[in-house]
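Following: one structure in structure tokens, then a few remarks.
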Amino acid sequence: QVQLVESGGGSVQAGGSLRLSCAASGSTYSTTYASYYMAWFRQAPGKEREVVAGVFTSGIRTYYADSVKGRFTISQDNVKNTLYLQMNSLKPEDTAMYYCAATELLIGFPPQPRYFNYWGQGTQVTVSS
């Protein structure tokens, strides 16, 4: 079992920045003996959950949604077992609940929500104009 806890959300003005963190833990979670695909998703009211960014814990095959390319950066610290999402130049349309997700086996690409079996509870990001 893997537990994921997001933090770092908040309210900012358009053009501002936030850094989201996702702390991973659990008796079966180890980047030393296993690899995972980690991703950030977001969901705004009335809209479907969509992938924002993702990466293997090995560091390969970083993915970004077209809407965030050049503005968001996904990174990780495997010593701290933490995934990050640096969000710059935020826009009102970035407002959403942001979720961290993980899977031990990515069965398709680009990442889709149904591929992930571990989820955090989410952290709210609100961008005002």
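Here the stretch 108-125 is the region considered, the condition is being open to solvent by 50 Å² or more (accessible area, probe 1.4 Å) and not in a loop (DSSP other than H, G, I, E, B), and the residue that is nearest to residue 48 (Cα to Cα) is 114. Of the strands (runs of 3 or more DSSP E) lying entirely inside the stretch 1-95, those containing at least 2 residues that are open to solvent by less than 20 Å² (accessible area, probe 1.4 Å) and touching a Lys or Arg at 6+ places or on another chain (Cβ under 8 Å) span 37-43, 50-56, 82-87.
The values are calculated or read from the model by the stated rules, or taken from the named source; none is laboratory data. Please read these numbers as outputs of a predicted model, since none were measured by experiment. Positions of Cβ are generated from backbone atoms using ideal geometry, with glycine treated the same way; all protein chains shown enter the neighbour counts. What goes into the accessible areas is simple: the full protein's heavy atoms, side chains included, and nothing from ligands, DNA or RNA. Shrake-Rupley method; radii C 1.70, N 1.55, O 1.52, S 1.80 Å.
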